[in-house]
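Below is one structure, written out as structure tokens; the observations come after it.
The values are calculated or read from the model by the stated rules, or taken from the named source; none is laboratory data. Small disclaimer: the values here were computed from a predicted structure and weren't measured. Every residue, glycine among them, receives a Cβ derived from its backbone with ideal geometry; neighbour counts consider all protein chains shown. When the accessible area is computed, the model is the full protein with side chains, heavy atoms only, and any ligands, DNA or RNA have been set aside. Shrake-Rupley method; radii C 1.70, N 1.55, O 1.52, S 1.80 Å.
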Amino acid sequence: MSTSTPTPPSAPAKIELLELVAAIGTAMWQDFAAAAARHGLTSMQAKVLSQLRGGPAPMRVLAERLVCDASNITGIVDRLEAHGFVQREVSPTDRRVKNVIATDAGNETIRRVREEMQATHGALDTLDEPERATLYALLERLRPAMEP
């Protein structure tokens, strides 16, 4: 009787990981956009609200984070402000800078958008608690290298 130890699976190539991360990112973005649309928001308006969850941000910083022209951010913020989701305030450190701040309505709306990302929640529900903990730890390890 011969016993052989199973061969561990080989690690995927970086390109395979990149393709998988891109596919998951695209699916999450589509899910996010669909949930945002149910609240009358474009995906970019919802993305601006998401960026403000960490606190106020100057318009220039929002443009950099979203990789778009500052004039685009101005239009997006104008529409969010018209709906009561954000407000502008002069920076306390530089009066030339306008900070964008999410209102309570804006924070509540983006919270609901995140809650309503049904495809994403469904995918995460396929993981058990230890798998979610492992995925979280791995993503947290990657995050500093990916963020500016």
Check your understanding: All other residues with a Cβ under 14 Å from the Cβ of Gly25 taken together, and with Lys, Arg as +1 and Asp, Glu as -1, what is their net charge?
Key -> 0
Review point. What's the angle, to the nearest 10 degrees (0 to 90), between helix 104-115's Cα axis and the longest principal axis of the chain?
Key: 20
Study note, to complete from the structure: If each K or R counts +1 and each D or E counts -1, the residues other than Asp69 whose Cβ falls under 15 Å of its Cβ total +1
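Run the helix sum for the chain: -39,500 (n - 2.57) per DSSP H stretch of 4+ residues, divided by residue count, reported at 222 nm to the nearest 500 deg cm²/dmol. Don't skip to the answer; put the middle values down first.
Numbers: 7 runs with 91 residues, N = 148.
Here the helix-only value at 222 nm equals -19500 deg cm²/dmol.
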Study note, to complete from the structure: Listed by chain and number, the residues whose amide H is under 5 Å from that of Val86, excluding neighbours fewer than 5 places away on the same chain and using placed H, are Glu81, Thr103
Practice item. Largest first and in whole Å, give the semi-axes of the stretch 1-91's equivalent ellipsoid, each being the square root of 5 times a Cα gyration tensor eigenvalue. Key: 43, 15, 12
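Using a 1.4 angstrom probe on the protein heavy atoms only, could you order Met28, Met44, Met117 from most to least accessible area? Before the final figure, lay out the partial values.
On the way: Met28 85, Met44 60, Met117 10 Å².
Solvent-accessible surface, decreasing: Met28, Met44, Met117.
Compute the accessible area per residue over the chain, keeping the other protein chains in place, probe 1.4 Å, unit Å². All intermediate terms of the calculation are to be shown ahead of the outcome.
Working: 10600 Å² over 148 residues.
In whole numbers, the chain has 72 Å² accessible per residue.
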Check your understanding: What FRET efficiency, computed as 1/(1 + (r/R0)^6) with R0 = 22 Å and r the Cβ-Cβ distance, is obtained for Ala105 and Ser71, rounded to the nearest 0.05?
Key -> 0.30
Practice item. Give the angle, between 0 and 90 degrees and rounded to the nearest 10, that separates the Cα long axis of helix 129-146 from the longest principal axis of the Cα atoms of the chain. Key: 60
Study note, to complete from the structure: Heavy-atom accessible area of the chain with neighbours in place, 1.4 angstrom probe: carbon+sulfur share in percent works out to 58
**Study point:** Derived scalar couplings ³J(HN,Hα) [the stretch 54-69; Karplus, 6.51 cos²θ - 1.76 cosθ + 1.60; whole Hz; x for Gly, Pro]
**Key:** x, x, x, 9, x, 3, 4, 5, 4, 4, 5, 4, 9, 6, 9, 5
Study note, to complete from the structure: Stokes-Einstein D for the stretch 37-85 (10 °C, 1.306 mPa s, Kirkwood Rh from Cα pairs), in µm²/s, comes to 146
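Can you compute the charge dipole magnitude of the chain about its Cα centre, using +1 on each Lys and Arg Cβ and -1 on each Asp and Glu Cβ, nothing else charged? Give it in debye, rounded to the nearest 20. Before the final figure, lay out each step's value.
Working: 17 positive and 19 negative charges, 115 e Å.
Taking the Cα centre of the chain as origin, the dipole is about 560 debye.
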Exercise for review: At 1.4 Å probe size, with no ligands or nucleic acids counted, give the accessible surface of Leu127 in Å², nearest ten.
Suggested key: 50
